[in-house]
Amino acid sequence: MTKARWIRALRWMLVTLGLAAVALAALLLKWPQREPSITPLPAPEIPESSVLLEDGIRVGSALPLGTVTVFPIYSEKQVDLGPIISLQSALEDGTAEVREHGAEDSPLGGATVGQLVLENKGDASIFVLAGTIVKGGKQDRQIGQDFVVAPHTVASVDAFCVEHGRWTGVRNDALTGGKFEALKQLATSKVRAAGQYEANQGEVWSEVAKVNAKSGKSAPSGTLLATVDDDTIARRRAALSKSIQARLDATEPRAAVVGMAYAVGGKVRGARWFANRRLFTLFQDVLSNTAAMDALDADPKAKNTVVGPEAVARFVKEVESAPPERKDTAADNVNEYKKAPKGWGSSTKLKRSPKAKGASISKDYVAK
């Protein structure tokens with residue numbers, strides 16, 4: 001082939017590739033965006049003994065485990081909301097960072113107690129549960145409400161201090177660099193509720209002090225981690241949590257289990273379920289650890305009465321009867337709160353999913 005023919009052939013090939021690229025780009029622009037889809041599960045698979053919580057959501061039989069009783073929560077229809085991971089997983093694989101607000105972010109010229117920065121460097125949304133304990137920075141905190149941080153974005157998240165006596169970047173003689181790690185553990189229910197639902201920092205500190213006093217643990221800074229991180233308590237919590245997870249994993253049909261409720265001393269303490277099974281499995285260890293911690297925090301003299309699923313249904317329905325209050329976030333979600341005489345509830349929805357038919361990514365209930 002002559003040089004002239006070779007050049008013409010090369011030009012033709014480049015033009016052809018260019019036209020193909022334009023056509024592909026046009027196709028991609030017209031390609032429908034992936035919207036959440038409702039995937040029905042066969043209703044007959046849900047045990048007949050289960051009790052209705054809301055349309056398509058049912059609570060199963062009691063699973064007694066010593067001081068705590070757990071209940072599986074089933075869904076007859078699950079909603080696919082796209083790729084979502086937990087904060088704990090994102091921090092472990094290096095695709096997320098939780099840090100103090102810097103001088104450029106804060107009107108006070110430095111870190112602030114009530115706000116943290118969460119940077120999502122990954123390709124999946126990060127779902128952070130309210131009450132998640134983050135350790136480090138200038139003070140240990142708990143996340144103030146549910147947050148969904150979209151991929152490759154930075155969001156400001158609400159937080160409450162669970163460490164009264166430290167305001168320094170040194171923790172246990174080590175520099176924190178203003179950054180945090182996330183525990184696979186939510187704050188105990190009363191500590192969490194004082195922040196998430198009552199927005200009362202003073203009450204958070206008061207409840208933290210009660211937890212530490214009850215466990216007989218203390219730290220110069222008054223941190224909740226004096227109890228949560230204690231070796232003896234951590235071993236007992238891990239053993240009970242393992243039993244909780246084992247009972248839930250043995251529940252059939254497993255594919256329909258999307259959440260759990262639990263009772264301590266004959267009183268329902270909390271319930272949470274998710275839009276689908278995969279989301280629940282992301283947080284099953286966190287919720288089991290939290291139920292176990294609440295059980296260890298309970299009055300040892302309290303009568304351990306086993307209640308049935310009807311008690312969970314009564315609690316949820318009582319909270320649901322309260323008027324809703326919308327609470328927006330600086331992230332990719334909006335929360336709806338309810339406050340009732342016996343407890344609180346919240347529903348978390350994605351802002352970017354208008355076709356999700358009103359489906360919640362998660363619903364959460366905490367008893368007073």
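The values are calculated or read from the model by the stated rules, or taken from the named source; none is laboratory data. All values reported here derive from a predicted model rather than from experimental measurement. So basically every Cβ, Gly included, is an ideal-geometry build from the backbone, and we count neighbours across all protein chains shown. For the accessible areas, the whole protein counts, side chains as well, though only heavy atoms, and no ligand, DNA or RNA atoms are used. Shrake-Rupley method; radii C 1.70, N 1.55, O 1.52, S 1.80 Å.
Quick notes
- A probe of 1.4 angstrom, applied to the heavy atoms of all protein chains, finds residue 46 with accessible area near 10 square angstrom.
- Taking a sphere under 10 Å around the Cβ of residue 290 and counting the other residues whose Cβ falls inside, with K and R at +1 and D and E at -1, yields a net charge of +3.
- 11 Å cut-off, amide nitrogen to a point 7 angstrom out along residue 215 Cα→Cβ, residues in region 160-198: 187-188
- For residue 119, net neighbour charge (Lys/Arg +1, Asp/Glu -1) across residues whose Cβ lies under 9 Å away: +1
- Heavy-atom accessible area with a 1.4 Å probe sorts 171, 141, 247, largest first, into 247, 171, 141.
- Per-bin percent of Cα-Cα distances, region 190-330 [10 Å]: 10, 33, 38, 18, 1
- Accessible area of region 108-174 belonging to carbon and sulfur atoms, whole % at 1.4 Å probe: 52
- For region 116-272, the square roots of the Cα gyration tensor eigenvalues, ordered a ≥ b ≥ c, give a/c of at least 1.5 with a/b no greater than b/c, which places it in the oblate category.
- Take the Cβ atoms of residue 97 and residue 52, set R0 to 35 Å, and the FRET efficiency comes out at 0.25.
- FRET efficiency, 1/(1 + (r/R0)^6) with R0 41 Å, evaluated for residue 304 and residue 167 via beta carbons: 0.50
- With 0.36 nm allotted per residue and the present C-alpha distance subtracted, the residue 235-residue 153 stretch has 25.8 nm of extension available.
- Computed in the context of the full set of protein chains, the accessible area of region 258-368 at 1.4 Å probe radius has 53% of its extent on carbon or sulfur.
- Cα-based shape type of region 166-205, given that a ≥ b ≥ c are square roots of the gyration tensor eigenvalues and the cut on a/c is 1.5: prolate
- Computed about the Cα centre, the dipole magnitude for region 75-198 is approximately 380 debye when only Lys and Arg (+1) and Asp and Glu (-1) carry charge, each at its Cβ.
- Accessible surface computed residue by residue for region 213-288, with neighbouring protein chains in place and a 1.4 Å probe, gives 40 Å² per residue.
- Accessible surface ranking that places the most exposed of 363, 327, 342, 301 first, with a 1.4 angstrom probe: 301, 342, 327, 363
- Residues of region 77-99 with an amide N closer than 20 Å to a point placed 7 Å from the Cα of residue 174 along the Cα-to-Cβ direction: 88-99.
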